[in-house]
Ligand code: NAD
Ligand code: TYD
């Protein structure tokens, strides 16, 4: 199978490429990535060295560039697209929504349109539980839960999901949508909760917890998510939506306390700061359908996964340094400067 993976230099995309190339001899991957602040070719340096030019090809470019996308699909005889490319950080979408629409909505539409034009056999679009909005204290999201996004990020992802649906219904494009809960694991950019808190705690800096810290997220290890996307790619039915989760709801404050305990750091580092506007209170993912239809079962416990993630960041300080560009520091200073 010849695959185009978009956004493969980001957190989940790079884990997905590494996983697929390690477990399937029959897969050849072209990785199309724009290398935004969140995209890092270092994430796949070992793959480039081992398999570059044979089973792996990196192309720097934008999913919204239809000529480039069409030439890749045709020249590389691509069988399937897996679309991870996106602007992904909720806080950045609050500060400046425009790039979220350009990439997540318009970029996805370009991919769908070119896929339609060339008669692509399969298209997996990677989405998020955030499109469903927020839950009260009870219940879980299922695939039929109405979409009710609350942030510019989730609104842009919901729009892309709707375009996928429209391309399936209108043109019969064989597109599947996957929706996953919050991921953690190696190579996650240190603006998201878990790597940010690990990084700050390791250098004895204050840990900024939004509001009361009682917001709930449903954490899944990135490798379990990658296995889910692989199942959808290989076995899923076009037109369907598959939720992936790990039955692992935690309040943010509990996650932060657990990280401090693993790192042997004091809870006095915790600072409650001004809450994120429109902050979703609780996410919880129901994934019975993916379990039944695809045989999806998450395998990594939060305790094991979190300990391994902390160890990975400890062992990869050079990576952590390398991703903190001037632009990254400027955003962090401005965002957290306003929340003291
Ligand atoms: P990330 O921010 O780490 O990586 C995104 C990647 O996309 C980067 O490599 C970036 O350079 C690339 N990119 C951005 N705009 C591009 C464009 N216009 N053209 C080509 N490449 C572009 O994101 P992630 O956490 O790995 O998320 C990947 C996907 O999974 C996203 O679609 C996201 O919505 C979805 N998702 C993420 C989570 C999570 O917890 N991180 C959960 C569910 C779903
Ligand atoms: P995040 O990793 O940004 O993912 P998402 O917003 O997509 O769920 O945040 C996870 C949770 O952690 C969310 O409830 C917001 C909270 N949070 C903080 O309390 N402090 C922070 O500095 C960050 C980045 C997040």
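Computed from the coordinates by the stated procedures, all read-outs in this text should not be read as laboratory data. A quick note: this is a predicted structure, and the numbers were derived from the prediction, not measured. Positions of Cβ are backbone-derived with ideal geometry, glycine not excepted, and every protein chain shown enters the neighbour counts.
Some notes on this structure:
- Kirkwood estimate for the stretch 124-174, i.e. one over the average of 1/r between Cα atoms, Å: 11.8 Å
- Over the stretch 216-284, the alpha carbon radius of gyration divided by the compact-protein estimate 2.2 N^0.38 Å works out to 1.52.
- Take every DSSP beta bridge whose two residues both sit in the chain; close to 10 percent of them are antiparallel.
- Helix 193-202 and the long axis of the chain differ in direction by around 40°, with both axes built from C-alpha atoms.
- Solvent-free Debye scattering, log10 I(q)/I(0), computed from the Cα coordinates of the stretch 26-79 at q = 0.20, 0.28, 0.29 Å⁻¹: -0.78, -1.18, -1.20
- Protection proxy ranking, highest mean first, for peptides 179-190, 72-83: 179-190, 72-83, where packing is the per-residue count of other beta-carbon atoms within 10 Å, averaged.
- Counting 0.36 nm for each residue step from residue 22 to residue 2 and taking away their Cα separation leaves a gain of 5.7 nm.
- Rounded D (µm²/s) - the stretch 155-257, Kirkwood Rh over Cα pairs, Stokes-Einstein at 25 °C, 0.890 mPa s: 155 µm²/s
- Among 135-144, 302-311, the order from most to least packed when residues are scored by Cβ within 10 Å on average: 302-311, 135-144
- In units of the compact-protein estimate 2.2 N^0.38 Å, the stretch 261-324 shows a Cα radius of gyration of 1.64.
- Ratio of Rg to Rh over the stretch 56-149 (Cα coordinates, Kirkwood Rh, two decimals): 1.05
- Per residue, the convex hull spanned by the Cα atoms of the stretch 72-209 amounts to 139 cubic angstrom.
- Kirkwood hydrodynamic radius over Cα pairs of the chain, then Stokes diffusion coefficient at 4 °C and 1.567 mPa s, in µm²/s: 64 µm²/s
- Separation between Cα centres of the stretch 224-278 and the stretch 55-133, rounded to whole Å: 23 Å
- Working from label points 7 Å from Cα in the Cα-to-Cβ sense, the residue 336 to residue 288 distance is 4.2 nm.
- Equivalent ellipsoid dimensions for the stretch 84-128 as semi-axes, Å, which come from the Cα gyration tensor, largest first: 25, 11, 5
- C-alpha long axis of helix 108-118 to longest principal axis of the chain, angle in °: 20 degrees
- Most mobile listed residue (14, 246, 54) in the chain, GNM with C-alpha springs under 10 Å: 54
- The chain - mean residue ellipticity at 222 nm from DSSP helices (-39,500 (n - 2.57) per run, n ≥ 4, rounded to 500): -12500 deg cm²/dmol
- Cα-based equivalent ellipsoid of the stretch 204-340: semi-axis lengths in Å, sorted from largest, via gyration tensor: 31, 18, 17
- Rounded to 10°, Cα long-axis angle of helix 66-75 versus longest principal axis of the chain: 60 degrees
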